[in-house]
Amino acid sequence: MTNLTLALDAMGGDFGPRITVPATLQALRLNPLLKVILVGDQVQIDEYLDPAEPEIKRRIEIKHTTEVVTMSDRPVHALRNRKQSSMRIAIELVRDGKAQACLSAGNTGALMAMSKVLLKTLPGIDRPALVSCLPAVNNTPVYLLDLGANVSCDSETLFQFAVMGSVLSETVDKTVSPKVALLNVGIEEIKGNDQVQQAGQLLQQIPQVNYTGFIEGDEIYSGNVDVIVCDGFVGNITLKTSEGIARLLTHQLKKGLTEGFFVRILAKIIAPRIHSLLNQMNPDHYNGASLIGLRGIVVKSHGCADEAAFLQAISLAVTEAQRRLPQMIEDRLESILLDINS
């Protein structure tokens, strides 16, 4: 592993430096080869940097700015009027080669718009998509995209997402001929809106993507497919609903294991297994979504992420930088698109 630098929007999210800075310090302690550029209000950042060890502080650079993209900013407004914001400057650091990846917990639409304009998309890709790896019952990774970067998508965009998702699974997880499905209200060909049906027809025509048809919501975590494609409206609701259910189940399980004397005794005996199960169900363990289809690496964290969840997003950004994900996708994507157009 070689040294790498992460540009971090310290002001993004619901809590700003109160969460982003302590999580950064944890990441630096865990990874001695990591350097971080914290972008934001230096006065607020310094408040949470003071307790850090000198060795850790030496691997931190601060880019001072007091401008912030708010959660209520429309993407176009943020793009035109937030040119000195912590989010934009963090992306510019990736564009200028001063950082290998960017991480923000801020406004998703603004992050997508700024990233697309500043970093540009890969050849053959019109829009980047937010993608995350979800757990499955058979312990195989399942990629879901788009998770909210593109609320409305036409059939061509869904088609491009399917190709990118297939390439992602193939290159990162070394999956042979990844199974790709479109998320729909039914598995029958007549089901769904025009965009989904037309995207399915496009995918049926290319052998380079192992398209298996439509998939319903109850099959997302089955592990029967490797990539699930939908627009950002559906994807974001799917993700947030799943996280809510996971937290409900975790709460109910913890509550159940504290009720009754014999249950508490049994819980102590099987505590390691219970702890592992609760970790698997914790959505914070999967925090962080990559904005793929760009010429640079951008990772989005939940706005409400706590310190542990934001640390997970930092870990994802580091992993994507080590993999050189955009180059991996571009190389494979180029050959697929050439085959499709020939």
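The values are calculated or read from the model by the stated rules, or taken from the named source; none is laboratory data. Keep in mind the model is a prediction, meaning the values are calculated, not measured. FYI the Cβ positions are ideal-geometry reconstructions off the backbone, even for glycines, and counts take in every protein chain you see. Heads up: the accessible areas ignore ligands, DNA and RNA and are worked out on the full protein's heavy atoms, side chains in. Shrake-Rupley method; radii C 1.70, N 1.55, O 1.52, S 1.80 Å.
Scoring K191 on the criteria (1) among the basic types (K, R); (2) under 17 Å from the mean Cα position of the chain (by Cα); (3) more than 30 Å from R82 (Cβ to Cβ) leaves a single failure, condition (2).
Results for (1) modelled with pLDDT of 95 or more; (2) outside any strand (DSSP E or B), shown as yes or no for each residue.
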residue: T2; (1), (2): no, yes
residue: A7; (1), (2): yes, no
residue: G12; (1), (2): no, yes
residue: A23; (1), (2): yes, yes
residue: Q26; (1), (2): yes, yes
residue: I37; (1), (2): yes, no
residue: Q44; (1), (2): yes, yes
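Scanning the stretch 301-342 for residues that are out of contact with any strand residue (DSSP E or B) (no Cβ under 8 Å at 6 or more places or on another chain), assigned to a helix (DSSP H, G or I) and acidic (D, E) gives E307, E330, D331, E334, D339. Residues of the stretch 143-165 include none that is in contact with a helix residue (DSSP H, G or I) (Cβ under 9 Å, 6 or more places away or on another chain), open to solvent by 20 Å² or more (accessible area, probe 1.4 Å) and farther than 30 Å from M71 by Cα.
Flag set for R80, criterion: among the basic types (K, R) and either closer than 28 Å to A113 by Cα or crowded, with 23+ Cβ neighbours inside 10 Å (or both). Can you find even one residue in the stretch 230-243 that is within 26 Å of D339 (Cβ to Cβ), touching a Leu at 6+ places or on another chain (Cβ under 6 Å) and surrounded by 15 or more Cβ atoms within 10 Å (Cβ to Cβ)? Yes, there is a match, as at least one residue in the stretch 230-243 is within 26 Å of D339 (Cβ to Cβ), touching a Leu at 6+ places or on another chain (Cβ under 6 Å) and surrounded by 15 or more Cβ atoms within 10 Å (Cβ to Cβ). Residue-level analysis places T70 outside the set of residues that are among the polar types (S, T, N, Q), under 18 Å from the mean Cα position of the chain (by Cα) and open to solvent by 20 Å² or more (accessible area, probe 1.4 Å). When restricted to residues that are in contact with an Asp or Glu (Cβ under 6 Å, 6 or more places away or on another chain) and within 23 Å of S86 (Cα to Cα), the stretch 119-146 contains 2. Just one of the numbered conditions (1) of a type in the set (S, T, Y); (2) out of contact with any Ser or Thr (no Cβ under 9 Å at 6 or more places or on another chain); (3) within 20 Å of G148 (Cα to Cα) is not true of S166: (2). Residue count for the stretch 77-114 under the criterion of being farther than 18 Å from L38 by Cα and either without any contact (Cβ under 8 Å) to a residue 12 or more places away in the chain or in contact with a Cys (Cβ under 8 Å, 6 or more places away or on another chain) (or both): the result is 3. Screening T171, T157 for residues that are farther than 15 Å from L291 by Cβ, β-branched (V, I, T), assigned to a helix (DSSP H, G or I) and touching a Lys or Arg at 6+ places or on another chain (Cβ under 8 Å) leaves exactly one candidate, T171. Inside the stretch 84-142, can you point out the residues that are out of contact with any strand residue (DSSP E or B) (no Cβ under 7 Å at 6 or more places or on another chain), crowded, with 17+ Cβ neighbours inside 10 Å, of a type outside the set (K, R) and part of a helix (DSSP H, G or I)? Selection gives E92, G109, A110, A113, M114, L118. It is to be established whether one or more residues within the stretch 187-204 are among the small types (G, A, S), part of a strand (DSSP E or B) and open to solvent by less than 50 Å² (accessible area, probe 1.4 Å). No, every residue in the stretch 187-204 fails to be among the small types (G, A, S), part of a strand (DSSP E or B) and open to solvent by less than 50 Å² (accessible area, probe 1.4 Å).
All told, L183 meets the bar of being in contact with a strand residue (DSSP E or B) (Cβ under 9 Å, 6 or more places away or on another chain), touching a residue at least 12 places away in the same chain (Cβ under 8 Å), under 18 Å from C133 (Cβ atoms) and open to solvent by less than 60 Å² (accessible area, probe 1.4 Å).
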